[in-house]
Amino acid sequence: AVLVESVLVFAVVLAVHAVVWDRFSWCAVALALQAFYVQFQWDRLLQLGGAVFQFRGAATSGLLPASMVIPLLGVLMKERCRAAGSVYFERFGLVVASTGMLLALFLSVLAVGITKPVPTNTCILTGVAGSVIIYTMKHSLTVSEVIEVLEVLLIFVYLSMILLYLLPRCFTPGEALLVLGGVSFVLNQLIKRSLNVIEGRGDPIDFFLLVAVVGVVLLGLFFTVLFIFMDSGTWISSVFFHMMTAVLGLGVIMPWLYRLIQRNPLFWLLQFLFQTQTRLYLLVYWTFLAASACGVVFYQNAKRSSESKKHQASTITRKYFHFIVVATYVPGLIYDRQLLYVAAVLCLAVFIFLEYVRYFRIKPFGQTLRHLLSLFLDERDSGPLILTHIYLLLGMSLPVWLFPRSCTPKGTLPGAGALVPYSGVLAVGVGDTIASVFGSTMGEIKWPGTKKTFEGTMTAIFAQIIAVALILIFDSSVNLNSSYAWILASVSLVSLLEAYTTQIDNLLLPLYLQIMLMA
């Protein structure tokens, strides 16, 4: 299974390399080769229990698929922005690619360093790949860009040491690279933009994303340290939690956002949300869907309490939420992507805050949330945090947030690139959902080395092709320019990756589909 997963990732890397064909795409190939070999060292460390931190069990390290996401996104962003004539964002793409490569190299060096006996061949390969990448960075980046890359690496190292210690069994090494690498990059961008505020420069919704992500992460770190010395389950601690959340929100996060957007954040947000009648209709519709999702949770818990034996939500029941998310995102993508962008940020902040309430058992809702959500746990929620619903939201939202708007004068990329914002809907909302439902109910032929079925994968591909046809009908901004063969290849490749990966597919699949469609 690991070998097939690696072959699929190499296919994506080579596809991007064939399209871009520059020094950074060659670096991506070198990084993939060394990550393939180092991945086996990580897997061995996880099996022997010598990986320093406690990582999520029942999964491989996932180093190769995770290592390539950020570099490939950066390389493609550079290429798209260069074609659009946007020099600033072309350089930004270079920084993203370089940062992703350096973070992946750091994880590789860490694995090689703690493996006993030292794997000589893997060390040589890592050294050669690292030398090629650093030499390329030296001749491509300015001094300030090199410093920026090193800043992200430093933040990543400290965040990894803190969060992997505090949150055992929540991540594989690959998932930690993706999640903590992304948070480190966002934090560095926020600090950089806060120190260099130029009035009128930058989109407020981008600043809103940066501040929201950093704000909820800092909030979690603060309370994690605080509740080491206090019992978080008491009423006094709960009152203190709500008071400090209000103080940090109104006293730190709001002024920070005010400095960046140069206007009152609350007034800006209200004006933005209710700016047009279409937005009002979408908000009412989304409120109804949110209430429906809550209804599913309460109904399933009532069903559990009425049965004598232990009841756990089935795969099909969990996929109800995927259908609800598709029904949420598709109208937003068609009618108002900026509103969807901001609403997804708000939803992410609410999800993470509610997870803090559940994790710390904050009264009056902490224990209730623990009881309600325990029904929907699966084998991937082996740590103290429940992250699958947050990963689902991230998988649907990341293609919207990462879409290079500044490099698309017409608001959309040409050809298959027009489907980039729909990557989450296609890969997770349609493909993963259909594969799970049909595979678990009608699947008989299993892919070698996995529990996934051939029937599930084929129906997923077919369903995504139908979804693309429906998008073409209802979204007039999408014009594929006869790039149907590339779309079929992309969808098939990502569906096969879903069958073979042991990583969180809600997070990984949309990013790989986005990479293929951007290429």
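The values are calculated or read from the model by the stated rules, or taken from the named source; none is laboratory data. If you're wondering where the values come from, they're calculated on a predicted model, not measured in any experiment. Cβ placement follows ideal geometry from the backbone for every residue including glycine, while neighbour counts extend to all protein chains displayed. Accessible surface is based on the protein model in full, side chains and every heavy atom, while ligands, DNA and RNA are left aside. Shrake-Rupley method; radii C 1.70, N 1.55, O 1.52, S 1.80 Å.
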As I understand it, the dipole of segment 308-420 uses +1 on the Cβ of Lys and Arg and -1 on the Cβ of Asp and Glu, about the Cα centre. Which of F365, T317, I386 lies farthest toward its positive end?
F365
Solvent-accessible ranking of C347, C81, largest area first, probe 1.4 Å
C347, C81
Student exercise, segment 1-192 dipole from Lys, Arg, Asp, Glu Cβ charges, in Debye to nearest 20
100
Whenever you get a sec, compute what percent of the accessible area on segment 1-192 sits on carbon and sulfur atoms (1.4 Å probe).
71
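Assign unit charges at the C-beta atoms only (+1 for Lys and Arg, -1 for Asp and Glu), then state the dipole size of segment 385-501 relative to its Cα centre in Debye, rounded to the nearest 20.
Numbers: 5 positive and 5 negative charges, 41 e Å.
Here segment 385-501 has a charge dipole of around 200 debye.
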Within the accessible area of segment 242-355, what % is carbon and sulfur when the probe is 1.4 Å and the other protein chains stay in place?
70
Which residues' amide hydrogens lie under 5 Å from the amide hydrogen of T453, considering only partners 5 or more residues apart or on another chain, with H built in the peptide plane?
W447
Which residue, S406, L273, A463, has the largest displacement toward the positive end of the dipole of the chain when charges sit on each Cβ (Lys, Arg +1; Asp, Glu -1)?
L273
Leaving ligands and nucleic acids out of the surface, order H17, H242 by accessible area at 1.4 Å, largest first.
H242, H17
Can you give the accessible area of R259, probe radius 1.4 Å, in Å² rounded to 10?
110
Accessible surface, the chain, averaged per residue in Å² (probe 1.4 Å):
44
Calculated FRET efficiency for the pair D22/S131, C-beta based, R₀ 25 Å, to 0.05
0.85
Projecting each Cα onto the charge dipole of the chain (Lys/Arg +1, Asp/Glu -1 at the beta carbon, about the Cα centre), which of S131, P65, S238 comes out farthest on the positive side?
S238
Dipole magnitude of the chain about its Cα centre, charges +1 at Lys/Arg Cβ and -1 at Asp/Glu Cβ only, in debye to the nearest 20?
560
³J(HN,Hα) computed for each position of segment 234-240 - Karplus, 6.51 cos²θ - 1.76 cosθ + 1.60, integer Hz, glycine/proline x
8, 5, 5, 5, 5, 4, 5
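Tell me what the chain gives for mean residue ellipticity at 222 nm when only DSSP H runs of n ≥ 4 count, each as -39,500 (n - 2.57), the sum divided by the residue total, rounded to 500 deg cm²/dmol. Please report the intermediate quantities before stating the final value.
On the way: 20 runs with 375 residues, N = 519.
Helix contribution divided over all residues of the chain: -24500 deg cm²/dmol.
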For the chain, can you list the cysteines whose C-beta has no other cysteine C-beta under 4.7 Å from it?
C27, C123, C170, C294, C347
In order over segment 86-93: 3J(HN,Hα) from phi, Karplus 6.51/-1.76/1.60, θ = phi - 60°, whole Hz, x for each Gly or Pro, gives 9, 5, 4, 7, 5, 5, 4, x
Segment 443-485, accessible surface, carbon-and-sulfur percent (1.4 angstrom probe):
69
Listed values (i) 25.6; (ii) 24.5; (iii) 28.8, entry calculated as mean projected area of the Cα convex hull in nm²
(ii)
Karplus-derived 3J(HN,Hα) from phi for segment 419-428 (6.51 cos²θ - 1.76 cosθ + 1.60, θ = phi - 60°), whole Hz, x at Gly and Pro, runs 8, 3, x, 8, 4, x, 4, 6, 6, 9
How long, wide and thick is segment 289-394, going by the Cα atoms along their three principal axes, in whole angstroms, largest first?
47, 29, 25
Computed label-point distance, nm, for sites I466 and V350 using a 7 Å Cα→Cβ extension:
3.1
